[in-house]
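The numbers here are math on the coordinates, done by the rules we state, and not lab data. All of these numbers come straight from a predicted model, not from anything done at the bench. Ideal geometry is used to build each Cβ from the backbone, glycine not excepted, and the neighbour counts take in all protein chains shown.
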Amino acid sequence: MPAAASYLRRDGDSIFRAFKLDVLRIADGKIAEITTFGVSTFPPLNLPASLGS
């Protein structure tokens, strides 16, 4: 299933920090369901905890 990792940059910060992971279930070519997971899923998927410097 396709998934998208989201990162959030707060005002005044230069770093984007892990926010959530959305997994999409596709049916008949359309998004049928979105399941959201917290940042605890990032390390097992080898996703960085932050982006930028």
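Just a few scattered comments:
- Panel values: the chain, Kirkwood radius from alpha carbon pairs, Stokes-Einstein at 37 °C and 0.692 mPa s, translational diffusion coefficient 270 µm²/s.
- Long-range amide H partners of ARG9 with built H, under 5 Å: ARG17
- Gain on full stretching of the segment that runs from ILE31 to SER14 - 0.36 nm per residue minus C-alpha separation: 2.9 nm
- Cβ-placed point charges (K, R +1; D, E -1), dipole of the chain about Cα centre in debye, nearest 20: 80 debye
- In loop segments of segment 1-50 as defined by DSSP, the trypsin sites (Lys or Arg not before Pro) with at most 14 further C-beta atoms inside 10 Å of their C-beta are ARG9, ARG10.
- Within the shell defined by Cβ-Cβ distances under 10 Å, the residues around VAL39 carry a net charge of +2, with Lys and Arg each +1 and Asp and Glu each -1.
- Relative contact order, percent, the chain [alpha-carbon distance under 8 Å, six or more residues apart]: 34 percent
- Cβ-based net charge around LEU51, under 12 Å, with every Lys or Arg adding one and every Asp or Glu removing one: +1
- Exposure proxy shown here: for ASP13, ASP28, the number of other Cβ atoms within 10 Å sets the order, fewest to most, as ASP28, ASP13.
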